[in-house]
Amino acid sequence: MLVWANGLQARVREIYRTVNSAPQHGTFEPTAWGRFDFLTPAMPCDGLQRVGSEKGSDDNGQVVCAFNIIQTLPSCIVYSFGGGDSFAFDVEFAMRTNCSIFTFDCGVHDFASIDTNVAALVPPRLRAGVRARIHPYSICVGPANAGLPGKGTFMTYDTIVEMLGHRGERVDFLRLNVGGLESEVLPGIMADATAPDQIGFALHYLTELAQSWPLRTRPTAELALEALGVYHANGFALAHREDDYLCEQCTKLVMHHLLC
């Protein structure tokens, strides 16, 4: 972790050196996924498994590190934030583990597609048990508790943990797919006393944040400061990165909590 942090300034400087040595047309920022090249893994992602979809097939698949270990647990807790009405991640995670999945999206009020996915993905003898461990809520995670017209009900991570009675419990994995809102809610999640062991999320540099500012483009230096001041400062280390070919402004990260 310390080695990763000490080398961050040099990696950011190299990104800018490279982009500014090439012909530019009105910008001095790297484009597409080059803006995330300061993000290098600080630890291995052993036992890597993809849950929810094949790589590149849609936006709902998620890499999970140490999945082989999670599969041995007699019980576990997973939070899944966002993803619309596609619950392939939630259903597959429940099918392949003993975890209880708590899934949240304030834009979804009819959870019939969970049953559709269970019927499509789960062997008949396992369906009832898998469905019983998937708990959906029409709530979005946000930086403050609020009801936003046209968007829905937002709750902080802390409020959600308290609501579910998970204070002091271990949250084994948290999936965050909230379309640019990640940077608003990650500080509260990572600093919480019930911070998850792993967080999988997409980092965006083109963002439209629901509760703070409108559409804007974030420079490399700002993203690097977030990595240092939020991820590193709260004891999270990058274990895996893959660029999202469906989104040139996005890269998908898996962070491990080292201060559990």
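The values are calculated or read from the model by the stated rules, or taken from the named source; none is laboratory data. All figures in this text were calculated on a predicted structure; none of them were measured in a lab. Backbone-built Cβ (ideal geometry, glycine too); neighbour counts: all protein chains shown. Keep in mind that these areas ignore ligands, DNA and RNA; they rest on the heavy atoms of the full protein, side chains included. Shrake-Rupley method; radii C 1.70, N 1.55, O 1.52, S 1.80 Å.
Observations on the model:
- Based on Cα contacts under 8 Å between residues 6+ apart, the chain shows a relative contact order of 19 percent.
- Length-normalised contact order of the range 125-243 in % [C-alpha pairs under 8 Å, at least 6 apart]: 18
- For the range 38-109, the square roots a ≥ b ≥ c of the C-alpha gyration tensor eigenvalues yield an a/c of 1.5 or more together with a/b not exceeding b/c, which makes the shape oblate.
- Neighbour net charge for ARG17 - beta-carbon separation under 15 angstrom, K R +1, D E -1: 0
- Degrees between helix 182-191 axis and first principal axis of the chain (Cα, 0 to 90, nearest 10): 70
- Mean residue ellipticity (222 nm) of the chain, computed from DSSP H runs ≥ 4 via -39,500 (n - 2.57), nearest 500: -7500 deg cm²/dmol
- Global geometry of the range 37-175, whether rounded, prolate or oblate, following the gyration tensor of its Cα atoms and the 1.5 cut on a/c: rounded
- Leading residue at positive end of dipole, the chain (Cβ point charges), from ALA112, TYR245, ALA191: ALA191
- Think of the chain as having a plus end and a minus end, set by charges on the Cβ of Lys, Arg, Asp and Glu; of ASN98, VAL130, LEU164, ASN98 sits farthest toward the positive end of this dipole.
- Simple point charges give the picture: +1 on the Cβ of Lys and Arg, -1 on the Cβ of Asp and Glu, and for the range 136-260 a dipole about the Cα centre of about 120 debye.
- Here the chain exposes an accessible surface that is 56 percent carbon and sulfur, computed with a 1.4 Å probe and the other protein chains kept in place.
- Accessible area (Å², per residue) of the chain, counting only protein heavy atoms and a probe of 1.4 Å: 45
- FRET efficiency estimate (nearest 0.05) - Cβ-Cβ, THR116 to ALA191, R0 30 angstrom: 0.20
- Crossing angle, helix 112-121 versus the chain [Cα axis fit, 0-90 degrees, rounded to tens]: 90
- For GLN9 and ALA144, the FRET efficiency from 1/(1 + (r/R0)^6), where r spans their Cβ atoms and R0 equals 30 Å, is about 0.40.
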